[in-house]
Ligand code: DX5
Ligand code: ZN
């Protein structure tokens, strides 16, 4: 299967979002990565449910929602009928993950859990991994775009890939933060199959978005 690339609109021009998105609208194996920040789980604040619902009407690209929020259940509830491709929230929040994931199982094609740089991949036990469609390994502290890749993400990807193979599981391994051609290749070689990139894609001119995307596969 082709590596899925998830361009993060955090690095796009928010005042001309549709014009930026339209450039990549016809690219295959692409998800649109939407970073929802609540100013509490992370210090930064981005956008929420109304904007995601509006975006859904304006693009055919599969939406990949990354919830950096303290109360993901609220967002999962409000977005459950919108037709989101994948929704990911953070393992570090206090909740019963098995219950929360089961509750929204039928509403989302794919549900993911994300781990921050200081969280061990081993903390995700096998029973939980069996329930997941995706594990998002953060390779920067969540909250801001444009940071440098933290190499400890590579060991986590390698470990998750090993557990996935040994147990015949099918969750995707996504990586997010500081991804460029070089760090992306390292992640792919360790077993990542879904790459989020913000500044590497949208930091260039519109005429280069597509070529930047293809260098990550
Ligand atoms: C950071 C976000 C990322 C961010 C990545 O908290 O989760 O999705 O947009 O940005 P780059 O690719 O610039 O590191
Ligand atoms: Zn993200």
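The values are calculated or read from the model by the stated rules, or taken from the named source; none is laboratory data. Fair warning: this is a prediction, and the values are worked out from it, not measured in the lab. FYI the Cβ positions are ideal-geometry reconstructions off the backbone, even for glycines, and counts take in every protein chain you see.
Among the residues in the range 192-211, are any within 16 Å of ligand 2 (Cβ to nearest atom), more than 20 Å from residue 64 (Cβ to Cβ) and without any contact (Cβ under 8 Å) to a residue 60 or more places away in the chain? So far as the range 192-211 goes, no, none of its residues is within 16 Å of ligand 2 (Cβ to nearest atom), more than 20 Å from residue 64 (Cβ to Cβ) and without any contact (Cβ under 8 Å) to a residue 60 or more places away in the chain. Scanning the range 22-45 for residues that are within 17 Å of the chain's Cα centre (by Cα) and crowded, with 18+ Cβ neighbours inside 10 Å yields 30, 31, 32, 33, 34, 35, 36, 37, 38, 41, 42.
When the range 99-157 is filtered for residues that are away from ligand 1 (no atom under 16 Å from the Cβ), out of contact with any strand residue (DSSP E or B) (no Cβ under 9 Å at 6 or more places or on another chain) and touching a residue at least 40 places away in the same chain (Cβ under 8 Å), only 126 remains. Restricting 136, 132, 124, 61 to residues that are crowded, with 18+ Cβ neighbours inside 10 Å, within 26 Å of residue 15 (Cα to Cα) and either at pLDDT 95 or above or touching a helix residue (DSSP H, G or I) at 6+ places or on another chain (Cβ under 6 Å) (or both) narrows the list to 61. Taken over the range 168-217, residues that are more than 15 Å from ligand 1 (Cβ to nearest atom) and part of a loop (DSSP other than H, G, I, E, B) amount to 8.
Among the candidates 78, 94, the residue that is touching a residue at least 24 places away in the same chain (Cβ under 8 Å), more than 13 Å from ligand 1 (Cβ to nearest atom) and surrounded by fewer than 15 Cβ atoms within 10 Å (Cβ to Cβ) is uniquely 78. If we scan the range 148-167, do we find a residue that is in a loop (DSSP other than H, G, I, E, B), at pLDDT 95 or above, within 26 Å of residue 53 (Cβ to Cβ) and in contact with a helix residue (DSSP H, G or I) (Cβ under 8 Å, 6 or more places away or on another chain)? No: the range 148-167 contains no residue that is in a loop (DSSP other than H, G, I, E, B), at pLDDT 95 or above, within 26 Å of residue 53 (Cβ to Cβ) and in contact with a helix residue (DSSP H, G or I) (Cβ under 8 Å, 6 or more places away or on another chain). Listed by position, the strands (runs of 3 or more DSSP E) contained in the range 1-79 that have at least 1 residues being closer than 20 Å to residue 101 by Cα are 32-37, 63-68.
Can you spot a residue in the range 47-57 that is surrounded by fewer than 19 Cβ atoms within 10 Å (Cβ to Cβ) and either within 14 Å of ligand 1 (Cβ to nearest atom) or modelled with pLDDT under 95 (or both)? Yes, the range 47-57 contains at least one residue that is surrounded by fewer than 19 Cβ atoms within 10 Å (Cβ to Cβ) and either within 14 Å of ligand 1 (Cβ to nearest atom) or modelled with pLDDT under 95 (or both).
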